[in-house]
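Derivation of every value follows stated rules applied to the coordinates shown; laboratory data play no part. Because the structure is predicted, anything quoted here is derived from the model rather than measured. When we count neighbours, we look across all protein chains shown, and the Cβ atoms used for this are built from the backbone with ideal geometry, even at glycine.
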Amino acid sequence: MGAQVFRDFTKNYPIITRGKGVFLYDRAGREYLDAVGGISVVNVGHGVPEVVAAMQEQADKVAFVHGGSFANEAAMALCEELATWAPKGMGHILLLSGGSEATETAMKLAHQYHLERGKADKYRIVSRWISYHGNTIGALSMSGRTAWRREFTPYLQNFPKIHPPYCYRCPYGKSYPGCGIACAEELERVITLEGAEGIAAFIAEPVIGTSAAGVTPPPEYYPRIREICDTHDILFIADEVITGIGRTGKNFGIEHWGVAPDMITTAKALSSGYVPLAAVILHDKVHDAIAKGSGHMTQGFTYSGHPLCSAVGLAVLKYLKSHELVENAARIGRLLLQRLDALKRFPIVGDVRGIGLLQGVEFVADQISKRPFPPEAGVTRRIVEAALAEGVMVVGGMSGMIDGVAGDHIQISPPYIFTETNVEQLVRALEAAVQKVMREVSV
Ligand SMILES: Cc1ncc(COP(=O)(O)O)c(C=O)c1O
């Protein structure tokens, strides 16, 4: 008998048989409020007839052609629409199947950009600790996630990393605004130490996703990052696999800082999870250097520009626009943040943060000293399980966001159709979960 292999060989996963709107249902008919949109993926909700119809319509026409031989109308239409979402000057789009493909492709394109301009030594990518850019070897080399890197370090590129802009636990022991944005200045220091002539790009998640959910840098951070990158002829890649397509209440997260990156990677919300779909969005500057240089890319994937997936992506973007769901993400996000903030009355809730519908709650053993729980206490897992027992699905962000080992937090990133009633259900479940875990860990 064949059997599916899961991430955790020892766990019994609920078997989901259908989804509608913000709810999922398992085999026994049990309902779960999907307060994390799968994993920051689902935005228009589950079971949207318009998206299903677009999928069927395209499957009837043509499901697949290979991008090495043919263009197709669905992919062209998606790119035309996506360009209207992107910042000015970023109208060139490469379609792919997943976030890791997108970040790894952006990594290679950054090097190609410099190669085309006669700077062949520029290939290293600077990134941040407490970050995630994907699981393939290039993407993992850029990712500052200790627990997932450790086993594979022999394969990984030795790329430089700087500290994250994590104000709640400032890596420099400073506090904003007197800090002088030391976390951005560190980029300049590392570039100087390593040598700008070897560095192709800096990559960052505008708002931190799975590694320290909802951590949002101060207003001066990305403008200063942009300046440093420009000074050293280094590209700035905004990894918007989570923050892209409206999750933070703007089309792309980086817009909150009024900064234009050179490349944007985006995935999850682009198809609301109905099909695998991702994109790298190129600034004219990057596109033109390649177009006027060799005129081709030495990389590609079988499913790049997949017609069926593209038709779904287009249907999702149109649905988001016609139902003004990005606006709703901003509006409900404000209420959600306010309601979650009230959880700080419980002594194990240390920080609540985020923007739009990408938020995080960090748990501590002591609110004053911010001392974390020992990892073996399993606080994140306990909270997630207790919330699930209340019928609400949140995700335990990767633990270890403090030093790669310790640190507990959950991620909350619901579909953009979330309502006030859904917010109240979520908050009630979290209150119950926090109280249960407090008793278990005897705070
Ligand atoms: C910011 C970011 N980049 C890249 C990825 C990798 O995406 P995928 O899992 O689709 O390969 C993720 C996945 O969570 C992510 O959060």
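Before moving on, here are some points about what is shown:
- Table column - 3J(HN,Hα) (Hz), the stretch 267-273, Karplus curve with 6.51, -1.76, 1.60, x for Gly and Pro: 7, 2, 5, 4, 10, 6, x
- Applying the Karplus relation 6.51 cos²θ - 1.76 cosθ + 1.60 with θ = phi - 60° to the stretch 344-350 yields 3J(HN,Hα) values of 5, 5, 8, x, 8, 8, x Hz, where x marks Gly and Pro.
- Phi angles across the stretch 237-254 convert, under the Karplus curve 6.51 cos²θ - 1.76 cosθ + 1.60 with θ = phi - 60°, into 3J(HN,Hα) values of 9, 8, 7, 10, 4, 9, 7, x, 6, x, 4, 8, x, 10, 3, 10, x, 5 Hz, Gly and Pro given as x.
- Which of ASP239, ASP233, ASP60 has the fewest Cβ neighbours within 10 Å, and the rest in rising order: ASP60, ASP233, ASP239
- 5 angstrom amide H check on PHE252, placed H, neighbours 5+ away: GLY246
- Fewest-first ordering of ARG224, ARG345 by other beta carbons within 10 Å of each residue's beta carbon gives ARG345, ARG224.
- When you restrict to C-alpha pairs under 8 Å that are six or more residues apart and normalise by the size of the chain, the relative contact order lands at 22 percent.
- The Cα-based radius of gyration of the stretch 245-392, divided by its Kirkwood radius, gives an Rg/Rh of 1.08.
- Multiplying the residue separation of ALA28 and GLU440 by 0.36 nm and removing their Cα-Cα distance gives an extension gain of 145.5 nm.
- Ordering MET90, MET107, MET55 from the fewest to the most neighbouring beta carbons within 10 Å gives MET55, MET90, MET107.
- Three-way shape label, the stretch 104-155, alpha-carbon gyration tensor, a/c 1.5: prolate
- The separation of the stretch 394-432 from the stretch 245-319, counted between C-alpha centres, amounts to 27 Å.
- On the principal axes of its alpha carbon atoms, the chain extends 64, 56, 47 Å, with the longest extent given first.
- Note on LYS370: aspartates and glutamates with a C-alpha under 13 Å away, same-chain residues under 8 apart excluded, are ASP351, GLU362, ASP408.
- The amide H of TYR274, built 1.01 Å from its N in the peptide plane, has no neighbour under 5 Å, considering only residues 5 or more places off or on other chains.
- For the stretch 135-267: rounded, prolate or oblate by the Cα gyration tensor [a/c cutoff 1.5]: rounded
- Close amide H contacts of ILE162 (hydrogens built in the peptide plane, cut-off under 5 Å, sequence separation of 5 or more or a different chain): SER127, ARG128, TRP129.
- Shape box of the stretch 399-443 [Cα atoms, principal axes, largest first, Å]: 35, 25, 8
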